[in-house]
Structures are given as C-alpha cells and as structure tokens.
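The values are calculated or read from the model by the stated rules, or taken from the named source; none is laboratory data. From a predicted model like this one, the values you see are computed outputs, not experimental measurements. Note that we place each Cβ from the backbone using ideal geometry, even for glycine, and neighbour counts take in every protein chain shown.
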Amino acid sequence: MEAEPSAELLPHRGPKIVGFAAASLATQVTGWCCFAGMLLGVPLGVVAWVYANEDLRGMTAGTIDPSGRQQVRTGKVLAIVSLALGALYVLLVGSLFVAGFVSAALEDSP
C-alpha cells in the first residue's frame, strides 16, 4: 500500500487527466466520420496535456503528490496521441480539399 500523501502536497489530477485524454481520443476517432467530433476532441486533448504538464512539473518540484505520476504520464501520452490524430485528420482533409481545387482548375483550363 502507498503511504498517505503529506498534508502540504496538493493532490494530483491523474483521474481527471486520463478522463479528458480518453474523451479526447474517443471524440477524435469519431471525428474521422464527422467533423463535429474534432471540435470537442481538440480542446479536451489540449486541456489534458496542459494539466499533465502542470502536475508533472509540480511533482518534480515537490508541491504535488507524486503517487499519481504514472497515471498523469498515461493521460499525457493519450492526449498527445489524440492531438496527433487530429492533426493527421486536418492534413488529410486539407490535402483532399486542395487536390479537389487543383483538379477542378485543371479541368477548366483550355
């Protein structure tokens, strides 16, 4: 069993970070079918990543309970994967959009 954290330490946000990151990943996956999922997934991923960085920095400084370090790291990795999927989606859709315009322009040229 883990020892109880000291009263001076702030609690870690591991479950919250993993929850935001998992929700972000789930909405990013559905975002591949419809763009609306992307609108929710990106902010959730950013929030999870920022919270994780703040908690990890606080754990290193000794101001946040370090017992949730692995959970916070897991949330950070999930958030990064989710945002990478979102970026890949934007690049794919953007390139298809540009390819469509180029194709239409080439068809219209004499």
Quiz prompt | Selection from segment 28-66 of residues that are β-branched (Val, Ile, Thr) and touching a helix residue (DSSP H, G or I) at 6+ places or on another chain (Cβ under 8 Å) | solution = Val29, Thr30, Val42, Val46, Val47, Ile64
Quiz item: How many residues does segment 20-37 hold that are without any contact (Cβ under 8 Å) to a residue 24 or more places away in the chain and over 18 Å from Leu92 (Cα atoms)?
Solution: 2
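Looking for something of a type in the set (Gly, Ala, Ser) and buried (at least 16 other Cβ atoms within 10 Å of the Cβ) - is there at least one such residue anywhere in segment 32-44? Outline the logic, then answer.
Quick first cut of segment 32-44, residues of a type in the set (Gly, Ala, Ser) only: 36-37, 41.
Now narrow it down to the ones that are buried (at least 16 other Cβ atoms within 10 Å of the Cβ): 37, 41.
Checking segment 32-44: at least one residue is of a type in the set (Gly, Ala, Ser) and buried (at least 16 other Cβ atoms within 10 Å of the Cβ).
Return yes when Leu25 is at pLDDT below 95, touching a Leu at 6+ places or on another chain (Cβ under 7 Å) and hydrophobic (A, V, I, L, M, F, W, C) and no when it is not.
Numbers: at pLDDT below 95: yes; touching a Leu at 6+ places or on another chain (Cβ under 7 Å): yes; hydrophobic (A, V, I, L, M, F, W, C): yes.
Yes; evaluated as a whole, the condition is true for this residue.
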Quiz prompt | Positions within segment 76-110 being polar (S, T, N, Q) and modelled with pLDDT of 90 or more, in sequence order | solution = Ser82, Ser95
